[in-house]
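Colleague: Quick one: this structure, given as structure tokens, is what I'll be asking you about.
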Amino acid sequence: MALGGGAGGGMVARADDPSAVAYNPAGITQIPGTATQMGLAVSMLNFDITRNYIGETVSTSNQAWPIPHFYLTHQLNDKWWFGIGAFTRYGLGSQFPDNWTAWGGEQGFNPIMPNQPAAVLAGGIKSVTLLSSTINPNIAYKINDIFSVSAGVSYTWGYLSLNEQYNLGPAGMMGQADARIHSENGYAFGYNFGLHARFNDQWSAGLTYRASEDMTFDGSARFRFSNGAALSTLMKNCDADGKLSIPDVITLGVMYKPLPNLSFEGDVAYTVWSRYRNLTINLHNGTPTFFEQKNWRDTWAFTFGVEYAPLDWLTLRAGFTYETSPLKDDNCYDYLVPSNGRNYYTLGAGFKYENWTLDLAYMYIDVRDINYSNRQGEQGGTPLVSTYAGRAHNSYAHNFGLTIGYKF
């Protein structure tokens, strides 16, 4: 997306440009004729992890992820509008340094002796990538001069890749396996509804619901061994499949416009992360299943944004979002997703020239620290999961966005 144009994502009640397809499609009834937007955001992530048992800190800096977006709206007649968008709802990327797994024991399973401590066979995440792109066509209907409603369907394509290293014995001296699990395709279907109300020139409100999606993955697992005869008997190249739940999201927004060139918006979003109970990847041909217990909790996000147009051709924006943590207790913490609650700070500027628009946005994401404690156990007979004590800190992301728009 375009980072909410720099308004912190506070666009549910405003919804007055083609990006409303992503924020609140019911608002596209405010856009006459045909309009389009396209652009690119780039996210640069950093987090440091300190492991207590060796007293060393590693960093995952120097990672950049491109996030394209595209929107098109068209007025069919006085009552009906059509809109379509291609954007990213969720994504994940972490690349750990090469020396991250040399000490072993970050997270993993014990396929040889599941009831033994993690030190017998310790695993370390080396990298994880989850890419997704959603195509979302919508129909919006203008009930009267105040209320509009919308309904849409969505198709989400996804790609998941995991790289784990498993060590048998201290630092892998008795055997080592490098596991690469990647999906050849992943897909999910969903739907969404929207409501928009423009009460007068000063007050507007919006309400949206995006349904949960169960993304199904099909792919393969490949293993490379180093002095690992014991591992090679149990870890075999094979097909793989799995499922990842993308949660429901309900968002309510209210906008107040005291002056023609000044507006404020506040949004509240409720995300049903409790649907995300585990990450399970089924490895075929007898190879042990990859299993991560999650049991996350639902989250709230509170957004405030302001937009000010000092000149006809220039609009300035700023926003802030406070997001609660989905991590419920120590049993939810792992190094796969070292993410806690977040604060989002955004700035943006919009420029107009005849039928053209250019929007620039910057977002700084501050992720709250996580303290890990030693955890080991067995989940209903599934392979052992373990996390060693440590801390994820200095976690942040710089996001830059550029969007070009044109009204026909």
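Colleague: Cross-link candidates for LYS352: which lysines have Cα within less than 26 Å, leaving aside residues fewer than 8 places away along the same chain?
Modeller: Hits, sequence-local ones excluded: LYS257, LYS407.
Colleague: For LYS236, put the label point 7 Å out on the Cα→Cβ axis and report which residues of the stretch 180-211 keep their amide N under 20 Å from it.
Modeller: 180-182
Colleague: Once you have the Cα-Cα distance between TYR187 and THR34, take 0.36 nm times their residue separation minus that, and quote the gain in nm to one decimal. The partial results should precede the final answer.
Modeller: Values: separation 153, 0.36 × 153 = 55.08 nm, distance 2.99 nm.
Extending this stretch completely gives an extra 52.1 nm.
Colleague: So, one more: In what sequence, highest mean first, do 302-309, 40-47 appear when ranked by Cβ atoms within 10 angstrom?
Modeller: Per-residue Cβ counts within 10 Å, averaged per peptide and sorted highest first, yield 302-309, 40-47.
Colleague: Expressed in nm to one decimal, what extension gain is obtained for the pair ASN295 and ILE404 from 0.36 nm per residue of sequence separation less their Cα-Cα distance?
Modeller: Working: separation 109, 0.36 × 109 = 39.24 nm, distance 4.02 nm.
Contour length minus the Cα-Cα distance gives 35.2 nm.
Colleague: Moving to a separate point now. How would you rank 257-269, 390-402, highest first, on the average number of other Cβ atoms within 10 Å across their residues? Numbers along the way, then the final one.
Modeller: Values: 257-269: 16.5, 390-402: 18.1.
The peptides rank, most packed first, as 390-402, 257-269.
Colleague: Oh, and also: Excluding residues fewer than 8 places away in the same chain, name every one of the lysines whose C-alpha is closer than 21 Å to that of LYS236.
Modeller: LYS126
Colleague: Which order do you get for LYS236, LYS243 if you rank them by accessible area with a 1.4 Å probe, largest at the top? Intermediate values should be presented prior to the final figure.
Modeller: Working: LYS236 90, LYS243 110 Å².
Sorted by accessible area, descending: LYS243, LYS236.
Colleague: With a point put 7 Å past each Cα toward its Cβ, work out how far PHE351 is from TYR256 in nm, to one decimal.
Modeller: The modelled label-to-label distance comes out at 3.3 nm.
Colleague: Report the label-to-label distance for THR216 and ILE146 in nanometres (one decimal), using points 7 Å from each Cα along the Cα→Cβ vector.
Modeller: The answer from the label model is 4.5 nm.
Colleague: In addition: Under a Cβ-Cβ cut-off of 13 Å, what is the net charge of the residues other than GLY39 that fall near it, where Lys and Arg count +1 and Asp and Glu count -1? Walk me through the numbers before you get to the answer.
Modeller: Numbers: positive: none; negative: ASP17, ASP359.
Local charge sum for GLY39: -2.
The values are calculated or read from the model by the stated rules, or taken from the named source; none is laboratory data. Note that the structure is predicted; figures quoted are calculated from it, not measured. We place every Cβ from the backbone using ideal geometry, glycine too, and count neighbours over all the protein chains shown. In case anyone asks, the SASA skips ligands and DNA or RNA and just uses the protein heavy atoms, side chains included. Shrake-Rupley method; radii C 1.70, N 1.55, O 1.52, S 1.80 Å.
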